[in-house]
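**Student:** Just dropping this structure here.
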Amino acid sequence: MNNFILQKESDDRIAQVRMSSRQAILLVSICICVFLSILYFSAEILSDMLYEKRLNEFKKNYNIMSKNLKFLQKKLDDLDNKVLVVEEKDKAVRTYAGMPEIDLDIRKLGTGGYGIKSNILSDNIAPIINEELIALQLDLEKVSRKLNLEIESYEAIYDKVKKDINRISKIPSIRPVKGGYLNSSFGYRKDPI
């Protein structure tokens, strides 16, 4: 059997350790096990730290994205309300120009889109954020269609008014008398014809 001698020298003494090959293999095995254990636990601790860091970044980004989505949804709701005001003004201007109102079915036309459960944006974000983004996209498309309809309506009104400018200029559009009434107490009358 082979014996191993480990020797350490200093100025005032020499230290020697003798061991057999079995003892050397056992010592090397123990050192490898200790090294691997230290490596495993340090890797475990490091991966936990990285996981916590990534999780905190994800939570921070989620909160920022959620706030941005709420802000965008509020802006979109404001735009939708403005479109409703424009629709009311469109009705009034169409009446003044002698044009028929846009049918309610035409106003609702094309308000469909992707289903809320479809995953059109990304698989890498939380499902609730993905649903909010899809809903926001649908609302944006709806407002866009409404605005396009109103633009087309105004173009039609403009063309009609431009064509009928002489007739419209002769229609009285002011009160004939200051403080006078535009109606009487007799109520509605039937057309005698």
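**Student:** For region 130-142, give me each residue that is open to solvent by 80 Å² or more (accessible area, probe 1.4 Å) and acidic (Asp, Glu). Please lay out each step first, then the result.
**Tutor:** First, pick out the residues of region 130-142 that are open to solvent by 80 Å² or more (accessible area, probe 1.4 Å): 131, 140.
Once the filter is applied, which keeps residues that are open to solvent by 80 Å² or more (accessible area, probe 1.4 Å) and acidic (Asp, Glu), region 130-142 yields only 131.
Here is a yes/no grid of residues against (1) modelled with pLDDT of 75 or more; (2) open to solvent by 40 Å² or more (accessible area, probe 1.4 Å); (3) over 30 Å from residue 55 (Cα atoms); (4) polar (S, T, N, Q):
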site	(1), (2), (3), (4)
109	no, yes, yes, no
119	no, yes, no, yes
123	no, yes, no, no
144	yes, yes, yes, yes
150	yes, no, yes, no
164	yes, no, yes, no
173	no, yes, yes, yes
191	yes, yes, yes, no
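**Student:** Moving on to the next point. So, of the residues in region 175-188 that are open to solvent by 100 Å² or more (accessible area, probe 1.4 Å) and modelled with pLDDT of 70 or more, which turns out to be nearest to residue 97 (Cα to Cα)?
**Tutor:** The qualifying residue nearest to residue 97 (Cα to Cα) is 188.
**Student:** Has region 6-19 got at least one residue that is assigned to a helix (DSSP H, G or I), surrounded by 10 or more Cβ atoms within 10 Å (Cβ to Cβ) and of a type outside the set (A, V, I, L, M, F, W, C)?
**Tutor:** There is no residue in region 6-19 that is assigned to a helix (DSSP H, G or I), surrounded by 10 or more Cβ atoms within 10 Å (Cβ to Cβ) and of a type outside the set (A, V, I, L, M, F, W, C).
**Student:** Going residue by residue through region 47-70, is there one that turns out to be open to solvent by 100 Å² or more (accessible area, probe 1.4 Å), farther than 30 Å from residue 131 by Cβ and acidic (Asp, Glu)?
**Tutor:** Checked against the condition, which is being open to solvent by 100 Å² or more (accessible area, probe 1.4 Å), farther than 30 Å from residue 131 by Cβ and acidic (Asp, Glu), region 47-70 yields no hits at all.
**Student:** So, residue 161, is that one hydrophobic (A, V, I, L, M, F, W, C) and either under 12 Å from residue 97 (Cα atoms) or not in a helix (DSSP H, G or I) (or both) or not?
**Tutor:** Spelling it out, residue 161 is indeed hydrophobic (A, V, I, L, M, F, W, C) and either under 12 Å from residue 97 (Cα atoms) or not in a helix (DSSP H, G or I) (or both).
**Student:** Considering only residues of region 71-100 that are of a type in the set (Val, Ile, Thr) and open to solvent by less than 90 Å² (accessible area, probe 1.4 Å), which is farthest from the chain's Cα centre (by Cα)?
**Tutor:** Looking at the filtered set, the residue picked out is 93.
The values are calculated or read from the model by the stated rules, or taken from the named source; none is laboratory data. Just so we're clear, the structure is a prediction, and the values are computed from it rather than from any experiment. Cβ atoms come from the backbone with ideal geometry, glycine included; neighbour counts cover every protein chain shown. The protein model used for the area step is the full one, side chains on, heavy atoms only, and it has no ligands, DNA or RNA in it. Shrake-Rupley method; radii C 1.70, N 1.55, O 1.52, S 1.80 Å.
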